[in-house]
1. Being closer than 21 Å to Gly170 by Cβ, touching a residue at least 12 places away in the same chain (Cβ under 8 Å) and not hydrophobic (A, V, I, L, M, F, W, C) is the filter here; which residues of segment 114-133 pass it?
2. What is the one condition in (1) among the β-branched types (Val, Ile, Thr); (2) open to solvent by less than 40 Å² (accessible area, probe 1.4 Å); (3) under 26 Å from the mean Cα position of the chain (by Cα); (4) at pLDDT below 95 that Val79 does not satisfy?
3. Has segment 43-55 got at least one residue that is over 23 Å from the mean Cα position of the chain (by Cα), open to solvent by 60 Å² or more (accessible area, probe 1.4 Å) and hydroxyl-bearing (Ser, Thr, Tyr)?
4. Out of Ile187, Ile100, report the one residue that is among the β-branched types (Val, Ile, Thr), in contact with a strand residue (DSSP E or B) (Cβ under 8 Å, 6 or more places away or on another chain), modelled with pLDDT of 95 or more and crowded, with 18+ Cβ neighbours inside 10 Å.
5. Hey, can you tell me all the residues within segment 147-184 that are at pLDDT 80 or above, surrounded by fewer than 17 Cβ atoms within 10 Å (Cβ to Cβ) and of a type in the set (A, V, I, L, M)?
6. Which residue pairs have Cβ atoms under 7 Å apart, sit 6 or more places apart or on different chains, and have a first residue in segment 86-113 that is within 18 Å of Thr73 (Cα to Cα) and a second that is modelled with pLDDT of 95 or more and loosely packed, with under 12 Cβ neighbours inside 10 Å?
7. Looking at (1) assigned to a loop (DSSP other than H, G, I, E, B); (2) surrounded by fewer than 19 Cβ atoms within 10 Å (Cβ to Cβ); (3) not hydrophobic (A, V, I, L, M, F, W, C), which is the one condition that is false for Asn135?
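The values are calculated or read from the model by the stated rules, or taken from the named source; none is laboratory data. This one's a predicted model, so the numbers in the text were calculated from it and none came from an experiment. Please note: Cβ atoms are built from the backbone with ideal geometry, for glycine as well, and neighbour counts cover all protein chains shown. Areas reflect the complete protein model, heavy atoms only, side chains present, ligands, DNA and RNA absent. Shrake-Rupley method; radii C 1.70, N 1.55, O 1.52, S 1.80 Å.
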Amino acid sequence: MSRIRQTLVALSYFAALGVTQARADTVANPTNSYSAPNLSGSLTGGNQTQYFGETFTAPITGNLTDFQFTLNTSSLQSVYGIVFAWDGSKPTTELYRSPIRSGSAGLLDFAPTNVAITQGQTYVAFLSTYGIASNSGLATLGTCLPFAGCNSNSIPYLGTLVTGNVLGNGPVFNSLGYLDATFSATITPTSVGSVPEPATWTMMIFGMGAVGLALRRRQKIATRVTYAGCVTSAVN
């Protein structure tokens, strides 16, 4: 193997080592022990809250691959997760709805697939009981209170808690600027491109320079020329 070929192989190897994948980005707030009442499992008359959620702005373009809420206490039979685009006052286009699952207390984790979101756009993720037949029970949502030492409203890309109160003609949504759900959302880039790290770029530039010097030196190597039985050297 020639020196030039060895150099090129080495460059390829180190470039492969230095490649990093585009990373997922997570929007989240601190955990806080405050319990916001109450997510209702059924409509039993009056004004029933059947949506608890959090708005967030996408820090990157990609797919929403995970979001989480916490129920501090719960006697709910069932619940589901749902994600909409948010126009600043209400949900608009539905992007994801999970299967119905147990409404037990604790961390509730959802893993959407193919839910494309756009950098700079605002969305809302909910825990909801709305429309689940024969559901029952109540739950409190793990939330974060700024006046209780939680500075969640200063976290970039995190919005505020939103409730949906179901009246006779359907849900009416309210954004609560003083409260945040204990919440996280993970966005994974749609184009997980290979991007060389700065050290890899330096190594590649150095290697290219070495290849150039090797080619230049090769041009100056003496070649053997034979004339009628004698050998002389000529320099190119």
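1. Tyr123, Ser128, Thr129, Tyr130, listed by residue number.
2. (4)
3. Yes; the residues of segment 43-55 include at least one that is over 23 Å from the mean Cα position of the chain (by Cα), open to solvent by 60 Å² or more (accessible area, probe 1.4 Å) and hydroxyl-bearing (Ser, Thr, Tyr).
4. Values: Ile100 fails: crowded, with 18+ Cβ neighbours inside 10 Å.
Matching residue, one of Ile187, Ile100: Ile187.
5. Answer for segment 147-184, where residues must be at pLDDT 80 or above, surrounded by fewer than 17 Cβ atoms within 10 Å (Cβ to Cβ) and of a type in the set (A, V, I, L, M): Ile155, Leu167, Val172, Leu176.
6. Taking only residues 6 or more apart or on different chains, not a single pair turns up.
7. All conditions pass for Asn135, except number (2).
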